[in-house]
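This report refers to the structure that appears directly beneath it.
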Amino acid sequence: MAELFPEFNDVVCGLLIRSGRILFVHRNESRVWAPDRWDAPGGHIEQGESDIDALARELLEELGIVVGDARLVARLTGATFDARVFVVDSWSGEPENRAPEEHDRLAWFDEGQLPGLVLADPDLLDIVVEALHQPRGAEM
């Protein structure tokens with residue numbers, strides 16, 4: 001496994017919530033990490049890039065949206081990664097899959113559908129449920 005993940009990965013992901021539903025992307029079966037699982041859109045922070053700049057770049061690349069307001073709500077950490085999870089409170093554009101080499105689809109889910117999903121990181125479930133229950137723009 002060391003060959004697949006030779007270094008520590010700093011990543012960001014964005015939770016887009018609209019009308020009580022969360023947007024997830026489905027990772028292709030060919031992905032090395034967490035293939036065939038649902039995940040929040042996002043990706044690696046490039047050298048010299050701030051968390052929020054990385055989030056804005058990744059969501060533009062993957063979904064074609066421009067991030068307006070976003071706030072850090074959680075961190076997921078493991079032996080090879082540190083993921084900053086943001087709620088994106090506003091954006092412009094309609095999310096679409098602009099990274100078919102990474103994701104084979106995207107979909108909006110309500111809270112009742114979440115327990116049946118296989119997520120890239122199971123700890124993401126509690127973060128998403130809490131985000132769905134927060135008023136828009138509220139601190140978690």
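Tabulated data
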read-out: Answer label for mean projected area of the Cα convex hull in nm² (calculated), chosen among (i) 14.0; (ii) 8.1; (iii) 12.2; value: (ii)
read-out: The chain, helix-only ellipticity at 222 nm - DSSP H runs n ≥ 4, -39,500 (n - 2.57), divided by all residues, nearest 500; value: -5000 deg cm²/dmol
read-out: Least to most buried among W108, W38 (fewest other Cβ within 10 Å first); value: W108, W38
read-out: Relative contact order (percent, whole number), the range 10-76, Cα cutoff 8 Å, 6+ residue spacing; value: 27 percent
read-out: Charge dipole of the range 11-133 about the Cα centre (unit charges at C-beta), most positive-ward option of I52, V85, L23; value: L23
read-out: Normalised contact order of the chain, rounded percent, pairs of Cα under 8 Å and 6 or more residues apart; value: 30 percent
read-out: Under 11 Å, Cβ to Cβ, from D10 - net charge with Lys/Arg +1 and Asp/Glu -1; value: -3
read-out: Net charge dipole size for the chain [Lys, Arg +1 and Asp, Glu -1 on Cβ; Debye, nearest 20]; value: 380 debye
read-out: Estimated FRET transfer efficiency when R0 is 25 angstrom, pair D89-E111 (beta carbons, to 0.05); value: 0.85
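The numbers here are math on the coordinates, done by the rules we state, and not lab data. Quantities reported herein were computed from a predicted structural model and do not represent experimental measurements. Cβ coordinates were reconstructed from backbone atoms using ideal geometry, including for glycine residues, and neighbour counts include every protein chain displayed.
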